[in-house]
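Quick notes on the structure that follows.
The values are calculated or read from the model by the stated rules, or taken from the named source; none is laboratory data. Here the structure is a predicted model, which is why all the values come from computation and not from measurement. Backbone-built Cβ (ideal geometry, glycine too); neighbour counts: all protein chains shown. For accessibility, only protein heavy atoms count, side chains too; no ligands or nucleic acids. Shrake-Rupley method; radii C 1.70, N 1.55, O 1.52, S 1.80 Å.
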Amino acid sequence: MTLRATDGRVEVLPREFPTNRSGLCQKGWTAAELLDHPDRLTTPLLRDRPGGALRPASWAEALTRVVAGIRAVQAAHGRDAVAVFGGGGLTNEKAYALGKFARVALRTRHIDYNGRFCMSSAAAAGSRAFGIDRGLPFPLADLAHADTLLLVGANVAETMPPLMRYLVEQRRRGGHLIVIDPRSTATARQATLHLQPTPGTDLAVANALLHIAVAEGWVDRDYIADRTSGFDAVRRVAAGYWPARVERLSGVPAADLEAAARALGTAGTAIILTARGAEQHAKGVDTVSAFINLALALGLPGRPGSGYGCLTGQGNGQGGREHGQKADQLPGYRRIDDPAARAHVAGVWGVPPEELPGPGVSAYELLDALGTPTGPKALLVFGSNPVVSAPRAARVTSRLRDLDLLVVADLVRSETAELADVVLPTAQWAEEDGTMTNLEGRVLRRRALREPPPGVRTDLAIIAELARRLAEPDPARPPEPNHPAADPRFPLDPRAVFAELRRASAGGIADYAGVTWERIDAEDGVFWPCPSEREPGTPRLFADRFPTPDGRARFQPVEHRPAVEEPSPDYPLYLTTGRVLAQYQSGAQTRRIAPLRQAAPGAFVELHPDLAARLGIEAGDEVRVTSRRGEMRAPARLSTGIRPDTVFAPFHWSGAARANSLTSDALDPVSRMPEFKVCAVRVEKA
């Protein structure tokens with residue numbers, strides 16, 4: 001988008017760009033309304049005693065409290081007693097600086113971010129198959145030209161509306177659009193074929209599609225022989241997933257499985273995309289691997305107009321997971337337990353490699369350990385609202401209350417900020433420069449329109465000042481000047497941070513060494529990997545080889561297994577969760593924007609009319625949904641588009657309507673993704 005300031009008012013204008021082609025959703029058109037919202041924080045807040053109210057404070061008082069609290073906790077319990085929790089909406093510069101701050105200034109191993117709840121399963125599956133994790137290894141425009149497009153657990157009509165124009169164009173060209181989703185969503189209603197499986201059975205469906213492709217001779221034998229390894233083991237697994245068996249497992253008719261396999265197997269070009277519906281499971285990595293297996297068997301990855309990809313879920317969902325705010329990661333998508341990676345990044349940061357902490361624990365494991373005898377006693381939160389967005393949210397809220405120190409940097413008093421000991425007001429997206437990386441791996445520029453309001457600082461400035469104070473040996477400090485000198489290790493200028501990020505990422509999987517702000521402006525973004533300013537970037541991956549040791553993509557034999565929590569007499573229904581068009585993530589921002597609140601004023605529970613009739617529920621009745629972890633209440637919404645054994649709730653609301661009070665904290669053994677998308681519940685009229 002383009003922003004224009006007129007008479008003190010910020011106006012959002014469309015911008016012709018290769019990805020969204022001037023298209024914005026309602027959230028984009030109304031984004032500027034939060035810039036001067038009355039709920040905006042413009043001064044730090046402090047809580048003087050547990051249970052007391054938050055009060056306004058100066059920056060000097062707030063930062064002194066934070067640094068004193070960090071020092072006290074680390075002196076009593078060690079460096080790992082302080083943790084950091086980041087967000088997938090932070091710019092590349094801020095995500096990089098936050099990871100560096102945790103490891104260099106705090107010297108803690110405990111940092112992770114809310115993107116663990118988003119794309120971690122697809123990232124892990126992509127890495128083990130292809131040797132790289134980039135959402136789309138091809139430009140977004142390829143979608144419009146695919147003869148067959150398979151969307152798995154993706155409702156882009158509500159979660160990424162500008163992308164729908166590619167689907168409409170694909171259909172207009174005569175293409176097949178297949179959607180796999182337990183609900184008849186706005187996206188599924190556009191499909192030529194909608195497969196509506198029982199929640200948690202996508203893996204079985206993928207194996208069935210591969211079974212049919214093998215049986216019908218649609219697999220690409222030459223591609224398999226020349227460019228992959230491990231197919232024989234996968235073929236043997238797929239042999240056990242004949243259509244009739246998978247119909248019993250998933251509820252998808254065998255004829256629909258055969259029709260979907262035929263559309264994929266006989267297409268000239270085909271693309272398979274997964275999203276959160278397939279990934280947010282305790283077997284999410286294996287589920288994505290099953291669809292990657294299908295794509296590899298058909299010879300799709302690396303073929304022009306074809307491939308496998310995953311859809312991002314946050315504003316910087318790609319870049320936010322590349323440069324160090326993950327528990328096991330260093331910049332450039334390097335592993336923190338790799339000695340060579342540690343040596344390279346330590347050299348850029350000017351510290352001995354042995355001083356860098358080792359891997360930490362994943363997001364939910366970190367949150368669940370807060371305040372426990374062996375867990376962190378202090379937490380700094382940037383760009384996240386886990387009180388609403390984390391699974392088993394009541395337990396997470398209790399853990400946050402047990403901390404000795406909770407610091408939240410945010411632009412409004414989110415539900416997590418309401419629990420904090422210190423709240424630091426931060427700049428918004430239109431008030432700071434930086435870069436973000438979209439789902440194509442295209443690095444984009446975000447330009448500041450104006451300065452932050454008086455009393456508000458950027459995240460980079462907060463990180464730099466905390467680092468400076470923590471490095472100061474004498475805790476007794478003189479009054480803070482108006483413009484304090486930053487710690488030279490932590491620049492305030494995002495351009496300088498990006499220059500350092502380029503050096504830190506050089507030679508890594510996500511290599512930004514050749515990306516400059518000037519190139520981004522001139523080229524409508526630059527695709528990584530881009531190891532040199534003399535090289536053009538890489539919009540298409542896998543044309544000749546895969547970035548694995550032998551250059552081959554790797555099949556992964558995976559078996560279906562039930563959801564961790566299946567229905568029972570006490571909890572006889574499946575619950576699945578997701579988004580609605582007018583709200584976003586935890587809703588801390590979008591619930592404050594009047595047009596969005598009018599379009600989606602509150603939570604609801606969607607259930608089939610037959611189920612509602614059995615339970616004595618009518619449309620609009622308040623219902624109580626209960627799982628083994630908690631309950632939520634919201635009005636009933638009846639729809640024939642959902643399975644009669646399944647209910648749906650959006651997760652954007654807090655309080656009694658918080659869907660994540662119900663969700664499961666079972667974790668994928670590889671990605672540590674919680675099982676957001678399926679748990680057992682009962683429903684009753686409240």
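Along the principal axes of its C-alpha atoms, what lengths does the stretch 582-686 span, in descending order and rounded to whole Å?
40, 38, 23
Take each of the peptides 542-549, 174-181, average the number of other beta-carbon atoms within 10 Å over its residues, and list them starting from the highest.
Result, highest mean Cβ count within 10 Å first: 174-181, 542-549.
Which order, highest average first, do 598-604, 8-14 follow once you tally other Cβ atoms within 10 Å for each residue and take the mean per peptide?
Ranked by mean Cβ neighbours within 10 Å, highest first: 598-604, 8-14.
Towards the positive end of the charge dipole of the chain, with charges on Cβ (+1 Lys, Arg; -1 Asp, Glu), say which of Ala146, Ile212, Thr6 has the farthest Cα.
The Cα lying farthest towards the positive end belongs to Thr6.
To the nearest 10 degrees, how steep is helix 494-505 against the longest Cα principal axis of the chain, on a 0 to 90 scale?
With both axes taken from Cα atoms, the answer is about 60 degrees.
Expected output is a single nm value to one decimal: the length gained when fully extending between Thr374 and Asp36, i.e. 0.36 nm times separation in residues minus the C-alpha distance. What is it?
Extending this stretch completely gives an extra 117.5 nm.
Using a 1.4 Å probe on the protein heavy atoms, what percent of the accessible area of the chain belongs to carbon and sulfur?
Carbon plus sulfur share of accessible area: 51 percent.
Take peptides 277-283, 39-45 and line them up by average Cβ neighbours within 10 Å, highest first, as a rough protection proxy.
In descending order of packing, they fall as 277-283, 39-45.
Quick check: with the 1.4 Å probe, what order do Glu354, Glu606 take by accessible area, largest first?
Descending order: Glu354, Glu606.
I'd like the per residue volume of the convex hull spanned by the Cα atoms of the chain, given in cubic angstrom.
Cα convex hull per residue, to the nearest whole number: 151 Å³.
Classify the stretch 253-372 from the C-alpha gyration tensor, please: rounded if a/c falls under 1.5, else prolate or oblate depending on whether a/b exceeds b/c.
prolate
Between Ala619 and Arg597, take the C-beta separation as r, use R0 = 30 Å, and let me know the FRET efficiency to the nearest 0.05.
E(calc), rounded to 0.05, equals 0.90.
Which distance in nm do the two modelled labels at Asp337 and Thr2 give, with both placed 7 Å along the Cα-to-Cβ direction?
Simple spin-label model gives 5.0 nm for this pair.
Within the stretch 391-459, which trypsin sites (Lys or Arg not before Pro) sit in a loop by DSSP and count at most 16 neighbouring Cβ atoms inside 10 Å?
When the trypsin sites (Lys or Arg not before Pro) of the stretch 391-459 are filtered for loop state and at most 16 Cβ neighbours within 10 Å, Arg447, Arg450 remain.
Have a look at Phe604, Gln170, Val288 and report the one farthest towards the positive end of the charge dipole of the chain, computed about the Cα centre with Cβ charges (Lys/Arg +1, Asp/Glu -1).
Phe604
Give me the Kirkwood hydrodynamic radius of the stretch 421-550 in Å, from all C-alpha pairs, to one decimal place?
Mean inverse Cα-Cα distance, inverted, gives 17.1 Å.
What FRET efficiency would be calculated for the residue pair Val351, Ser568, taking the C-beta separation as r and a Förster radius of 60 Å, to the nearest 0.05?
0.70
Using unit Cβ charges (K, R positive; D, E negative) and no other charged atoms, how large, in debye to the nearest 20, is the dipole of the chain about its Cα centre?
280 debye
Tally Lys/Arg at +1 and Asp/Glu at -1 over every other residue whose Cβ is under 15 Å from the Cβ of Ala297; what's the total?
Net charge in that neighbourhood comes out at +3.
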